[in-house]
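The values are calculated or read from the model by the stated rules, or taken from the named source; none is laboratory data. Since this is a predicted model, take the numbers as computed values, not measurements. Neighbour counts are summed over all protein chains in view; Cβ atoms, including those assigned to glycine, are modelled from backbone coordinates with ideal geometry. Each accessible area value is taken on the protein alone, full model and side chains, heavy atoms only, with ligands, DNA and RNA left out. Shrake-Rupley method; radii C 1.70, N 1.55, O 1.52, S 1.80 Å.
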Amino acid sequence: MKSSYVAICTLFLMLIMAAEVQVTLAVTCNPTELSPCVSAITSNSPPSQLCCDKIKEQKPCLCQYLNDPRLKKFVDSPNARKVASTCGTPYPKC
């Protein structure tokens, strides 16, 4: 009985991990998706819920944005780091 419980738990965890991979693969990297965060990044205003949602959605793309010289100054600013932290999204280590 214990081995079937372990097998069921293992299968369940594998399904959850597969679903997370699918979600990550489904993200379209588009820096304009972060436009709800512009005011929070360029001023001291707190990020909106929409901004936080977009940061979490675009998290797999942040290293790509940091490697783009046109976007790096926007994404790598102290306020951008503060916004990411406020939204509970760890700043990426690329």
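Pairing each residue of region 29-52 that is in a loop (DSSP other than H, G, I, E, B) with any residue that is open to solvent by 70 Å² or more (accessible area, probe 1.4 Å) and β-branched (Val, Ile, Thr), provided the two are 6+ apart or on different chains, yields C-beta distances under 8 Å for PRO46/THR86; PRO47/THR86. Checking the stated criteria, LYS72 turns out not to satisfy the condition of being modelled with pLDDT of 95 or more and open to solvent by less than 100 Å² (accessible area, probe 1.4 Å).
Any residue in region 34-42 that is open to solvent by 30 Å² or more (accessible area, probe 1.4 Å) and more than 16 Å from ALA80 (Cβ to Cβ)? No, there is no match, as no residue in region 34-42 is open to solvent by 30 Å² or more (accessible area, probe 1.4 Å) and more than 16 Å from ALA80 (Cβ to Cβ). Would you say THR24 is under 19 Å from TYR91 (Cα atoms), modelled with pLDDT under 55, part of a helix (DSSP H, G or I) and open to solvent by 40 Å² or more (accessible area, probe 1.4 Å)? Criteria met by THR24. Of the residues in region 53-67, not one is free of Cβ contacts under 8 Å to residues at least 12 places away in the same chain, farther than 14 Å from GLU33 by Cα and open to solvent by 60 Å² or more (accessible area, probe 1.4 Å).
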